[in-house]
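Please read the structure below before turning to the comments.
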Amino acid sequence: MPKHIMRLIALLVIVGATLVAGRYALVVHSYYAYGAYRGDSVTEIAALPVQVAPSSYYKSFYPAVHEKWATGIHNVVQCTVCHGPVTVGATPQLVKLENTAEICTNCHAVTAGRPTSQPQINVAKHSGKQECLNCHDPHSPLLTGKGKSIAALAAAASEGDDDFSGGSSGGTTAPAKEKLPSGNAALGQARAAVCTTCHGVEKIVRSVSAGPNLAGQTDDHVALELHAFQAGTRSSPVMEPIAKGLSANEINDLAAYFANAANKK
Amino acid sequence: MDRIDEDKPLDRRAVIGFLAKAGVGAAAFLCGGAGVANAVLEPAPAGSAAPGGSGPVPGYDWTKHRWGFGVDATRCIGCLRCAVACKQENNVAFDPHHFRTWVERYAYVDGSDKPLIDSQADPANIAAAGRPDNYRFDNRYAEVKVDKAFFVPKLCNHCTRPACVQVCPTGATYKSVDGAVLIDHDYCIGCRYCIQACPYGARFFNEERQVTDKCTWCYHRITKAMMPACVEVCPASARIFGDLNNPHSAISEFIHENRVEVLRPETGNGPNVFYVGIDKEVN
Amino acid sequence: MDELFQSQSFIGYVYPNETVMPWGVLIVIYPYLTGLVAGAFTVSSLYQVFGIKRLRPVAHFALLTSLCLMIFVPTPLLLHLGHPERALNAVLTPHTTSAMAMFGFAAGFYILLLLVETWFVFRPYIVQQAQSRQGPLGLFYRALTLGSYDLSEKAMRHDRGWIFMLAIIGIPGAHGLHGYVGFVFGSLKSREWWSSDLMPPIFLFSAIISGTALLIVLYVLSCWLRRKPVDLSCLKAMAYSLWGFLMFTLLLEGVELASLVYRGREGIDMIMNYISGPAFLPFIVLQLGIGATVPIVILSFVFWRGTTGRALATAILVSAALVMLEVLMMRWNVVIGGQEISKTGKGLLTYALEIFSKEGIVGASCVLAAPFILLLFVVRLFPPWEDASSEAH
């Protein structure tokens with residue numbers, strides 16, 4: 001074989017050997033440790049800092065407020081949702097009061113697409129430019145003990161003020177009552193078995209048909225809504241027939257039961 | 001391919017190993033003439049390097065977990081706290097073009113059989129939020145008759161046979177043993193082939209770091225026994241996360257108690273985000 | 001730099017992340033360059049392997065064109081990468097399931113093959129220059145001889161054997177390289193516009209026509225620059241080849257479009273909207289109409305009439321230029337078109353071509369022009385013309 005071809009082959013072999021040697025020298029540490037990727041990258045990704053702190057993190061800073069939140073109906077809304085993210089180790093920032101209208105309406109403004117079980121308000125009619133804090137405590141936002149009573153709200157509703165609605169289900173109006181009589185929680189518990197399938201007590205059942213969690217809800221509110229279903233002023237193919245089968249006393253018993261049931265989420 | 005065992009990690013590695021061998025064979029054929037590049041290739045160790053012990057994360061055994069994600073679209077209230085928390089948690093730019101998770105709204109109005117679809121990235125919704133660091137759905141259908149409307153949260157499906165991992169030229173994106181599809185930001189060359197390969201639009205290009213980015217199921221949280229940020233903040237319990245290996249985990253119960261479906265099953269990717277309450281037009 | 005990215009406008013519903021398009025005009029240039037490489041190599045092989053003697057005047061020039069283009073094929077890719085400095089990762093730790101990882105090897109192997117074949121083809125000239133030239137250029141040629149001035153009949157017989165073998169290996173090499181580029185797109189199931197088994201052959205045949213057309217244009221241009229007469233017999237042989245492969249290409253593109261429409265899978269409504277709307281000019285008019293049908297008609301007409309002389313050369317030149325446009329538009333319609341149709345199947349995006357940015361038209365034009373500037377120098381170092389080498393002897 002001519003000399004130039006021998007030299008060409010030698011040159012190609014040298015180039016090839018250099019590439020192979022270079023390749024072995026350059027492959028990064030841990031690349032094939034677990035598969036065709038850099039094993040160390042898993043360690044690095046897992047070590048990234050946690051930004052959105054869990055609600056338990058806020059407990060040591062604000063124990064009393066945390067307690068109220070944890071036992072209230074808003075205990076499904078984690079602290080960071082309203083208070084912003086907190087890197088573990090930093091002090092949680094407090095939301096300024098003038099922001100509450102914006103924060104609350106993220107979830108509670110009437111918006112097409114929201115399930116009917118989500119309480120939604122038409123902000124302009126419901127409160128105008130008022131701060132939500134005027135009537136509601138965001139850590140446990142039911143109206144009892146603050147602002148207008150739910151009965152007063154119901155009275156206003158019956159006069160055609162449909163500002164408080166459950167999505168597309170129409171306005172919530174109920175027979176106006178000055179004060180609903182208190183029911184018997186024990187009797188209510190016996191009847192509540194059928195309710196808890198969807199509305200939970202021990203835990204929220206995760207299924208398509210699940211409704212709002214009722215444990216810890218005020219008795220006024222439960223009774224008010226049941227009356228609304230009964231009267232047909234709040235529509236629901238599931239709840240209307242159920243409510244129509246209840247007497248006024250049974251409604252009060254159920255309301256008392258749910259009001260006294262511990263909210264465990 | 002044995003479909004019954006498709007979720008077993010070992011089986012998956014066997015498949016990859018087979019593909020690896022096929023790939024090397026094809027490369028050897030291509031390089032046969034010169035015989036130079038041939039030796040440079042080395043098959044992935046496939047099943048041989050089965051991770052012993054607890055894996056690469058200290059204090060966490062990745063062989064003991066197989067993560068799964070559930071979305072109950074009937075519960076989603078479209079509050080978008082998930083999208084905000086995700087961007088905060090993962091340092092994603094607060095603009096309408098980069099999302100590790102997003103929420104879509106489907107609305108059938110005025111008797112139409114085609115839905116109107118928008119997400120929080122829609123200009124009108126960006127305007128409704130009013131702030132660069134918040135997202136909000138506007139109430140655009142207030143004046144029309146809405147026959148049916150609902151929200152659908154979206155995120156990376158962490159597929160069993162991820163198309164994005166298949167096409168990555170460097171192994172910068174991969175499927176971890178516990179089921180998360182991750183991206184090595186220090187190894188990615190930024191070719192964006194994986195963005196093209198994902199049928200779900202779950203990947204985006206992080207211009208700041210010049211690499212591809214996407215949801216990791218908050219791998220840095222779940223390996224510390226925390227929930228992903230979006231699940232943590234969801235006030236409607238529309239997002240469910242947990243260990244499929246544990247029959248009593250939230251995700252296992254969610255799958256057992258409901259008739260779940262996945263997005264675009266025809267791609268064969270085998271998504272691991274399970275949906276309840278979506279609709280024919282959702283994909 | 002105020003904006004790190006450019007977002008695109010859209011209609012209908014697109015995934016939020018889709019509004020920033022991952023691939024821009026540089027990825028249009030990349031398959032175009034690769035295609036020109038494969039096409040130019042085909043012309044050289046038609047002479048070297050299949051013995052079509054009429055192509056002799058352009059055979060060596062075709063090889064040099066192929067080499068210069070191939071050297072610049074990785075450029076658009078490297079410019080496009082977010083981290084070009086990590087590009088070696090794809091070669092050091094190739095992900096064996098990735099079509100793109102194999103590119104480094106296929107391209108590296110093919111550049112090597114082209115270099116060696118070119119070396120053999122030009123060895124007599126290199127040896128002759130090494131013996132006669134002084135100064136740095138003489139040193140350059142002497143290094144290239146690898147220290148052997150052997151031009152004996154035995155040595156030349158060996159060389160011819162190697163050239164033949166390399167040309168034979170080069171055919172599957174060049175065509176495999178380009179068929180693979182089609183696979184990069186055709187194998188993705190995420191986009192209906194791309195997902196087709198016909199993508200590799202379409203890319204392959206359009207590559208062959210683009211390379212042939214390029215050689216026609218460059219050959220006529222070089223004759224004009226060197227003030228030499230155009231070899232009409234050679235030109236017509238290239239035109240025949242162009243006509244035949246163009247027919248194939250048009251047929252495949254037609255079949256692909258027909259099966260896409262006929263299958264009518266999810267998202268077809270939006271694809272039809274796209275074809276009849278924003279894609280009508282680039283796809284129907286420029287790619288299939290002016291770029292493919294018109295040259296077929298022109299060439300058929302001149303072949304039928306037996307046109308000769310200046311009219312024939314002009315007709316072939318015009319057809320070749322149109323075919324180069326058709327292939328560029330085909331690359332555009334695949335790369336950009338695929339991204340303009342949303343993965344949701346429910347929306348369309350509009351790609352806005354930038355001017356000066358990294359993915360802008362100016363940069364892309366520079367990348368496209370670079371191989372030809374290199375070619376201008378390379379033909380000085382290694383004259384591929386029959387007349388020049390006979391003068392040298």
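Each value in this text was obtained by applying a stated rule to the coordinates, not by laboratory testing. As the structure is a prediction and not an experimental result, all values here were calculated from the model. Using ideal geometry, Cβ is built from the backbone for each residue, glycine included, and neighbour counts are taken over all protein chains shown.
Shape analysis of the protein assembly as shown yields a ratio of the Cα radius of gyration to the Kirkwood radius, Rg/Rh, of 1.08.
A protection proxy built from the mean count of other Cβ atoms within 10 Å ranks the segments C:108-115, C:200-207, A:59-66, most packed first, as C:200-207, C:108-115, A:59-66. Near the amide H of B:Lys148, within less than 5 Å, lie the amide hydrogens of B:Tyr108, all on another chain or at least 5 residues away, with H placed in the peptide plane.
The packing ranking of peptides C:256-264, B:96-104, highest mean first, is B:96-104, C:256-264, where packing means the average number of other beta carbon atoms within 10 angstrom of each residue.
Per residue of peptide C:305-316, the mean number of Cβ atoms on other chains within 10 Å of the residue Cβ is 0.
Across region C:65-70, rounded Karplus estimates of 3J(HN,Hα) from the backbone phi angles (6.51 cos²θ - 1.76 cosθ + 1.60, θ = phi - 60°) give 4, 4, 5, 4, 5, 5 Hz, Gly and Pro being marked x. Applying the Karplus relation 6.51 cos²θ - 1.76 cosθ + 1.60 with θ = phi - 60° to region C:317-330 yields 3J(HN,Hα) values of 4, 4, 4, 4, 4, 5, 5, 4, 5, 4, 6, 4, 5, 5 Hz, where x marks Gly and Pro. Using a simple spin-label model with points 7 Å from Cα along the Cα→Cβ vector, what separation in nm is obtained for C:Cys366 and B:Asn246? It works out to 5.6 nm between the two label points. Averaged over the residues of peptide C:338-351, the number of Cβ atoms from other protein chains lying within 10 Å of each residue's Cβ is 2.
In this structure, the residue pairs whose Cα-Cα separation is over 18 Å, taken from B:Lys175/C:Lys343; B:Lys87/C:Lys346; B:Lys280/C:Lys346; B:Lys154/B:Lys214; A:Lys125/B:Lys145; B:Lys87/C:Lys358, are B:Lys175/C:Lys343; B:Lys87/C:Lys346; A:Lys125/B:Lys145; B:Lys87/C:Lys358. Our coupling estimate for region C:135-143, obtained by passing each phi through the Karplus curve with A = 6.51, B = -1.76, C = 1.60 and θ = phi - 60°, is x, x, 5, x, 4, 4, 5, 5, 5 Hz, Gly and Pro reported as x. Region C:315-388 and region B:150-185 have Cα centres separated by 33 Å.
When shorter helices are ignored and each DSSP H run of at least 4 residues is given -39500 (n - 2.57), the per-residue value for chain C at 222 nm works out to -23500 deg cm²/dmol.
Counting only other chain Cβ atoms within 10 Å of each residue's Cβ, the peptide B:82-90 averages 4.
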